[in-house]
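Since the structure comes first, as structure tokens, the remarks are kept for the end.
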Amino acid sequence: MSLIPNIPNLLEFLGSLSQWDIPLYKKLTKTDLGLKGSNGKKSNQGGPLIPVKFIDYMPQFPEPVDPLASDSIDINLELWNEKFYWGQSRSKFLYETRNLQRSREYRITTNIKQWLSKAEDGDFIIIQKKSY
């Protein structure tokens with residue numbers, strides 16, 4: 001069983017696998033993309049949801065001063081569309097709890113809407129860190 005899904009041009013896109021840590025794959029939903037759902041309402045989300053099981057792989061948040069508050073940290077993204085380089089983005093990795101009314105919800109937001117506008121429901125994003 002391969003850890004790499006059947007995505008055309010994926011290995012060509014990645015180049016040398018030794019340059020990257022193990023990738024995580026996130027299937028995009030209509031909610032992630034800000035599209036209308038089955039209820040006919042447009043999503044108001046600012047970016048893709050990051051599953052809780054990915055959190056240990058993502059940048060770590062400092063200890064919160066206020067446990068009720070949401071938090072965000074700046075991240076640098078390299079954006080690709082299949083094997084074509086799209087550009088860089090200074091974005092945010094954030095969580096919010098709605099004043100502890102729900103468990104933490106993690107998302108990548110800010111400066112990615114133009115890139116996400118090219119995606120469709122069911123597309124994958126690859127979350128991967130460069131090895132240094």
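The values are calculated or read from the model by the stated rules, or taken from the named source; none is laboratory data. On a predicted model such as this, the values are computed, not experimentally measured, just so you know. Every residue, glycine as well, gets a Cβ built from its backbone with ideal geometry; the counts of neighbours run over all protein chains shown.
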Right, T110: more than 23 Å from I22 (Cβ to Cβ), in contact with a Lys or Arg (Cβ under 8 Å, 6 or more places away or on another chain), of a type in the set (S, T, N, Q) and modelled with pLDDT of 85 or more or not?
yes
When region 74-107 is examined, which residues are found to be in contact with a Lys or Arg (Cβ under 7 Å, 6 or more places away or on another chain) and polar (S, T, N, Q)?
N76, N81, T97
Given the condition surrounded by 15 or more Cβ atoms within 10 Å (Cβ to Cβ), assigned to a loop (DSSP other than H, G, I, E, B) and at pLDDT 85 or above, answer yes or no: does some residue in region 55-73 qualify?
yes
Do the conditions hold for S70, that is, is it free of Cβ contacts under 8 Å to residues at least 24 places away in the same chain and among the hydroxyl-bearing types (S, T, Y)?
no
Does region 94-101 include one or more residues that are part of a loop (DSSP other than H, G, I, E, B), among the β-branched types (V, I, T) and surrounded by 15 or more Cβ atoms within 10 Å (Cβ to Cβ)?
yes
Please state which of the following conditions G47 fails to meet, knowing it meets all the rest: (1) out of contact with any Lys or Arg (no Cβ under 6 Å at 6 or more places or on another chain); (2) in a loop (DSSP other than H, G, I, E, B); (3) in contact (Cβ under 8 Å) with a residue 12 or more places away in the chain; (4) of a type outside the set (S, T, N, Q).
(1)
Which members of region 22-44 meet the condition of being touching a residue at least 24 places away in the same chain (Cβ under 8 Å) and surrounded by 12 or more Cβ atoms within 10 Å (Cβ to Cβ)?
P23, L24, Y25, K26, K27, L28, T29, K30, D32, L33, G34, L35
Somewhere in region 100-112, is a residue under 23 Å from K42 (Cβ atoms), touching a Phe, Trp or Tyr at 6+ places or on another chain (Cβ under 7 Å) and without any contact (Cβ under 8 Å) to a residue 40 or more places away in the chain?
no
